[in-house]
Amino acid sequence: MKKIVIFMALVVVAFTSCEKDKKNDVPLPPVPNEEELITTFKVEFTDVNGVLPTVSALFQDVDGPGGNNPTAFDTIRLSANATYNAVITLLNESVSPAKDITVEVQQEGVDHLFCFDISAGLNLTINKTDLDANNLVIGILSEWITGSISTGTTTIRLKHQPGIKTGACELGDTDIELIFFTELN
Amino acid sequence: MKFILSCAMVSISWCFLAQNCVYTIKGTVRDKHTLEAIPFAKIFVVEHDKNILTDSLGNFLLSNLCAGNLTLKCIPHLGCEPVIISTLIPINEPIIFFIETHTLELDEYVMEAFRFRRESQAGMMLQTNDLSIIKGNTLGEQLSRVPGVTTMNTGSSIVKPIINGMHSNRLVIVNNGIRQEGQQWGSEHAPEIDPNLAENLEVIHGAAGLQYGPDAIGGVIIVSPQKLLFDKKLHGWVKLGGNSNGKGAFSSLLLAGSTGKSKNFAYRFHGTTKTNGTQNTPDYLLKNTALNEISYSGAIGYRVKRLELDVFYSRFTTNLGIFTGSHIGNLTDLNNAFTAEKPTAIGVFTYQIENPRQHIDHHLSRVQLLYKWNEKILTTAVYGYQYNMRQEYDLHKSYSATPESLKLPAFELNLWTSTFDVKTEIKHSKMWISNFGFFGMKQSNAYSGRFFIPNFKKSQFGMYYTGKLEREQWTFDYGVRFDFSALQVFMYEQDSLIRPTKQFANASYSVGFSKFIGHHFLTRFNFGSAWRPPSINELYSNGLHHGAAAIEIGDRNMNKEIVYNAQLGIEYKSNIAKLNLSVFYNYFDGYINLQPSFPPVLTIVGAFPVFHYRQSNVQLYGFNGQMDIPITKFFTYTLQGSALFADDLTYKKPVFGIPANRIIQRLRFTLPIKKTAWKTFIELEGLNVSKQKRMDNEDDYAPAPEGYFLLNGQVGLSKKMKGEQTMQFVVACQNSTNTRYRDYMNRFRYFADDLGRNWTVKLLLPIQSNKLK
């Protein structure tokens with residue numbers, strides 16, 4: 001008899017030990033779009049001499065990767081033989097109000113690096129002008145020196161390099177990679 | 001040379017008395033060591049100058065015997081040293097003859113009984129406590145000894161079995177009598193099973209699972225623990241092991257026995273712990289590849305006259321690191337990883353697990369009730385409950401993360417499954433057995449974190465009838481099953497909650513036979529059809545598959561996938577050789593797979609290729625073969641090979657993700673140590689895997705890796721203990737030449753080489769209480 005009681009107790013244990021499951025919220029899934037995305041990339045160029053008009057280029061994909069296609073992917077159009085100060089802004093516009101993610105990249109500058117690659121034939125030089133806590137460049141701020149009239153592409157990448165940042169672009173994984181058509185007139 | 005001959009315990013158990021020359025004797029021929037019955041053993045009846053054969057169950061029947069002396073002689077044709085039994089007819093009570101173990105001079109080969117698997121489908125049963133055969137410590141690795149079974153890996157810690165090129169949703173894994181239900185659709189989701197609990201692992205090829213579900217398209221893997229034994233005292237084993245690659249260790253303990261005055265309680269408990277550190281390729285460490293695993297289970301059985309009740313509970317928990325170099329943000333990263341000589345993230349050795357990682361917890365509870373209505377009818381009812389939790393942590397914390405959210409997984413999937421299964425087995429006659437069954441399942445899935453698959457509720461009902469006719473020379477089996485499956489999905493679409501429903505229903509069936517041709521050949525044939533409803537990811541996934549660098553889009557209007565499978569097999573066994581060859585052909589109506597589509601999708605992280613889940617008509621065919629040739633009495637040479645071809649007939653190209661053809665050669669040396677219970681073996685194994693040339697470049701980012709050759713070896717020592725158990729000690733070396741290679745079926749082949757040399761030691765110590773029986 002005692003054994004039968006033990007037996008029954010074990011039956012109960014076997015089927016209740018799983019009951020510390022998560023609450024079963026099947027009919028009410030979490031509301032999406034709370035993901036932390038970077039939906040918008042903006043770069044704004046101001047002439048160091050304050051003469052040329054301010055220019056900006058935008059990439060915008062509000063619903064994130066997949067789904068609807070990006071709504072904006074501008075060409076960078078700068079004047080030839082000029083020097084611009086460039087400022088990058090990153091936004092998450094899938095939430096309301098939109099979140100500015102640039103601040104975070106700046107705060108965690110030791111883990112982040114912007115890289116700029118200029119295609120051959122495009123007469124452009126880019127110098128990063130901001131530094132992280134370890135005195136390595138970040139690239140949110142930069143100086144763009146344009147040469148003679150030319151066209152090509154500028155690839156802008158944001159690399160996430162937690163604990164491994166040395167200034168080299170090859171390390172880490174990529175959070176942003178955009179290839180902008182660039183025209184110097 | 002003296003040998004212990006594994007022959008014959010002849011038991012004459014039953015007879016009755018009437019007039020002269022109407023006496024009957026029944027008996028059985030059994031293997032002395034395994035006590036297994038030996039079918040088709042030849043027995044010479046001296047007084048009547050005639051031969052009889054035992055049937056498929058090892059039984060023989062002699063009727064019309066006259067009173068007086070009777071001499072039976074078991075003839076060595078099937079490996080029996082002539083064993084002579086004399087008795088006096090009539091016998092009034094059952095007599096059992098125990099034949100002494102013979103030691104004798106053998107000139108040629110070690111003789112053994114040739115037992116055939118008589119099922120109409122190809123397959124194989126492995127005993128997991130035979131360390132000389134069982135390799136590795138995951139279910140996938142352990143099954144790789146079976147012809148036609150290969151593995152699909154994500155690194156070295158996530159290993160999934162593949163049968164004839166089919167895996168995941170196309171296989172049914174039966175764990176302890178119930179279908180294992182986890183997130184098995186995912187290629188990086190390994191079965192949540194500790195193979196140490198299993199006593200037997202059985203693989204059945206083809207559309208085979210009528211009793212377990214409609215969806216055993218590629219086959220069934222049956223993981224069976226030791227049965228609850230009501231007539232044994234405390235017994236069990238301890239397994240200890242270690243491996244050099246990753247400096248890992250595992251230990252496993254199993255205890256079982258029975259208790260109670262009338263021996264009506266039986267129990268079985270088991271536990272395993274496993275830990276492994278950073279693993280390495282021949283040249284570098286693979287950062288973040290440590291893992292740890294704990295699993296335990298308990299079973300208790302209660303038996304009265306016709307009723308047997310047992311309860312089982314098991315839990316399997318694993319934490320595993322995902323190789324850091326496999327985490328990539330976009331296609332450029334992937335291309336860089338692929339072209340790089342070695343991954344940029346090189347690790348140091350550690351047992352710590354960092355992100356990215358997986359945490360999985362699987363609970364399985366089961367109550368089984370067996371009721372014997374009479375000698376002929378047995379009803380089994382099983383209720384099972386499983387809870388599967390899977391947490392995946394990304395390397396990358398998301399932007400705008402809060403300190404609390406950093407501790408949360410990128411996503412978590414919870415899956416609750418209840419199954420109810422009733423079946424009744426009817427022995428219509430000695431040769432005809434049939435089975436009726438009903439199956440019901442309710443399943444719910446809920447996620448938190450990033451959307452990967454939606455929440456859903458699923459119900460499935462099935463009914464089946466199978467039967468088997470078995471004669472001395474042939475068997476015939478047949479079965480039919482009908483299933484209905486309903487799915488309700490809960491997800492947000494454009495900010496509003498939608499609840500679409502889907503229904504699928506279909507029949508599956510199987511018919512087959514096997515037949516002996518003489519004593520050395522067995523032929524088998526089977527034809528069957530199976531189907532599966534599309535899985536949740538094939539219907540509803542939509543978005544970037546992180547880590548796969550692809551956008552995967554499901555199709556909500558996807559239809560069921562149906563397979564028609566035909567297989568033909570021939571088996572030959574004699575002292576000269578053993579040969580087992582099977583050929584199979586599968587035709588799929590609506591094979592679901594990912595197809596690339598253009599153009600790539602532009603995102604802020606660059607362009608990604610897009611893959612849609614599509615259905616196409618596919619043929620998948622090939623063969624598996626194994627040949628064992630004893631070269632001398634000590635050496636056996638084994639040649640095992642598999643070839644597989646899969647054509648997408650709709651898109652006119654090879655099917656993506658099919659294992660490459662392979663050849664395995666083994667040289668095995670076995671030697672009993674003179675006059676002791678000790679035995680030793682040495683085995684050398686060469687594995688040749690060819691390059692998978694049958695692939696479409698658009699389906700993949702990188703060409704298939706080159707073929708490779710691995711040399712493995714192992715040495716073992718075993719001692720037969722009291723009872724049926726054996727103490728075993730095995731030292732093995734995998735990839736002993738430290739060859740650099742990448743396998744086509746390893747998802748990490750884009751990022752890093754496969755594992756380098758790995759030494760393993762394993763020890764199995766039986767536990768046996770002194771009083772036997």
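Take B:ARG450, B:ARG740 and sort them by solvent-accessible surface of the protein heavy atoms, 1.4 Å probe, largest at the top.
On the way: B:ARG450 35, B:ARG740 155 Å².
Result, largest first: B:ARG740, B:ARG450.
Pairs B:LYS239/B:LYS719; B:LYS232/B:LYS720; B:LYS274/B:LYS679; B:LYS233/B:LYS274: which exceed 22 Å Cα-Cα?
Values: B:LYS239/B:LYS719 15 Å; B:LYS232/B:LYS720 18 Å; B:LYS274/B:LYS679 29 Å; B:LYS233/B:LYS274 28 Å.
As for pairs spanning more than 22 Å Cα to Cα, those are B:LYS274/B:LYS679; B:LYS233/B:LYS274.
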Lys/Arg Cβ at +1, Asp/Glu Cβ at -1, dipole of segment B:669-773 taken about the Cα centre: which of B:VAL715, B:VAL761, B:MET727 is farthest positive-ward?
B:MET727
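Treat every Asp and Glu Cβ in segment B:223-768 as -1 and every Lys and Arg Cβ as +1, leave all other atoms uncharged, and give the resulting dipole magnitude about the Cα centre to the nearest 20 debye. Don't jump to the answer; show the numbers that get you there.
Values: 63 positive and 42 negative charges, 576 e Å.
The dipole magnitude comes to about 2760 debye.
Eigenvalues of the Cα gyration tensor times 5, then square-rooted: what semi-axes does that give for the protein assembly as shown, in whole angstrom, largest first? Let's see the in-between values first.
Working: eigenvalues 758, 170, 133 Å².
Output for the protein assembly as shown: semi-axes of 62, 29, 26 Å.
Only Lys, Arg, Asp and Glu count, each charged at its Cβ (+1, +1, -1, -1), so figure out the dipole size of the protein assembly as shown about its Cα centre, rounded to 20 debye.
On the way: 92 positive and 89 negative charges, 1104 e Å.
Using only the charged Cβ atoms, the result is roughly 5300 debye.
Percent antiparallel among DSSP beta bridges with both residues in chain A, to the nearest 5?
Working: 47 of 50 bridges.
Just about 95 percent of them are antiparallel.
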Over segment B:628-773, what is the mean sequence separation of C-alpha contacts under 8 Å (at least six apart), divided by residue count, expressed as relative contact order in percent?
17 percent
Round to a whole angstrom and tell me the spacing of the C-alpha centers of segment B:565-594 and segment B:209-278.
30 Å
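Write down, largest first, the equivalent ellipsoid semi-axes of chain B in whole Å, where each equals the square root of 5 times an eigenvalue of the alpha-carbon gyration tensor.
Values: eigenvalues 458, 176, 133 Å².
Gyration-tensor ellipsoid for chain B: 48, 30, 26 Å.
Within segment B:123-222, what percent of beta bridges assigned by DSSP are antiparallel, to the nearest 5? Let's see the in-between values first.
Working: 18 of 22 bridges.
Antiparallel: roughly 80 percent of the beta bridges in segment B:123-222.
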Just the number, please: Stokes-Einstein D of segment B:123-222 in µm²/s, Kirkwood Rh from C-alpha pairs, 25 °C, 0.890 mPa s.
186 µm²/s
Under 29 Å between C-alpha atoms, the lysine pairs in chain A lying 8 or more places apart or on different chains count 11
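How crowded by other chains is B:282-288, given as the mean number of beta carbons from other chains within 10 Å of each beta carbon? Could the numbers behind the result be given before it?
Numbers: counts 0, 0, 0, 0, 0, 0, 0.
Mean number of neighbouring Cβ atoms from other chains: 0.
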How large, in Å, is segment B:464-546 by the Kirkwood hydrodynamic radius built from its alpha-carbon pairs?
16.8 Å
Given B:PHE338, B:THR28, B:LEU286, which one lies farthest toward the positive end of the charge dipole of chain B, if we put +1 on the Cβ of every Lys and Arg and -1 on the Cβ of every Asp and Glu?
B:THR28
Residues of type lysines that B:LYS73 reaches as a straight line, Cα spacing below 24 Å, ignoring anything fewer than 8 places off in the same chain:
B:LYS2, B:LYS26, B:LYS32, B:LYS42, B:LYS50, B:LYS573
Counting only other chains, and only Cβ atoms inside 10 Å, what mean value do you get across the residues of A:61-69?
5
Show me, for segment A:39-54, the HN-Hα J-couplings you get by feeding each phi into the Karplus relation (A = 6.51, B = -1.76, C = 1.60, θ = phi - 60°), rounded to Hz, glycine and proline as x.
9, 9, 10, 10, 10, 10, 10, 10, 5, 4, 8, x, 9, 6, x, 6
Count, for each residue of B:485-493, the Cβ atoms from other chains sitting within 10 Å of its Cβ, then give me the mean as a whole number.
2
Using label points projected 7 Å from each Cα along Cα→Cβ, tell me how many nm separate B:MET721 and A:ALA9, to one decimal.
3.0 nm
Span from the segment B:637-678 Cα centroid across to the segment B:166-181 one, whole angstrom
22 Å
Taking a straight Cα-to-Cα line shorter than 15 Å from B:LYS261, and setting aside same-chain aspartates and glutamates fewer than 8 residues away, one finds B:ASP231
Work out the charge dipole of segment B:578-652 with +1 on the Cβ of Lys and Arg and -1 on the Cβ of Asp and Glu about the Cα centre, then indicate which of B:ALA646, B:ASN617, B:PHE598 is farthest towards its positive end.
B:ALA646
Tell me which aspartates and glutamates have Cα within less than 16 Å of B:LYS135's Cα, excluding those fewer than 8 residues away on the same chain?
B:ASP194, B:GLU199, B:GLU202, B:GLU683, B:GLU685
With the calculation restricted to Cα positions, what are the radius of gyration and Dmax of segment B:419-466 in angstrom?
18.0, 58
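Dividing the alpha-carbon Rg of segment B:602-740 by 2.2 N^0.38 Å yields what?
Relative to the 2.2 N^0.38 Å estimate, segment B:602-740 comes out at 1.56.
Taking the Cα centre of segment B:362-469 as origin, sum charge times position over the Cβ atoms of Lys and Arg (+1) and Asp and Glu (-1), and report the length of that vector in debye to the nearest 20. Before the final figure, lay out each step's value.
Details: 14 positive and 7 negative charges, 88 e Å.
Dipole about the Cα centre, nearest 20: 420 debye.
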Which value, in Å³ per residue, describes the convex hull spanned by the Cα atoms of segment B:307-412?
204 Å³
Could you sort B:LEU764, A:LEU58, B:LEU408 by accessible area so the largest value comes first, with the probe set to 1.4 Å?
B:LEU408, A:LEU58, B:LEU764
Rounded to whole angstrom, the alpha-carbon centroid of segment B:424-483 lies from that of segment A:107-151 at a distance of 64 Å
Calculated on alpha-carbon atoms, Rg and Dmax of chain A in Å:
25.3, 98
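The values are calculated or read from the model by the stated rules, or taken from the named source; none is laboratory data. The model shown is predicted, which means the values in this text are computed figures rather than measured ones. A quick note on method: Cβ atoms are made from the backbone with ideal geometry, for glycine too, and the neighbour counts reach across all protein chains shown. To get the accessible areas, we keep the full protein, side chains included, count just its heavy atoms, and leave off ligands, DNA and RNA. Shrake-Rupley method; radii C 1.70, N 1.55, O 1.52, S 1.80 Å.
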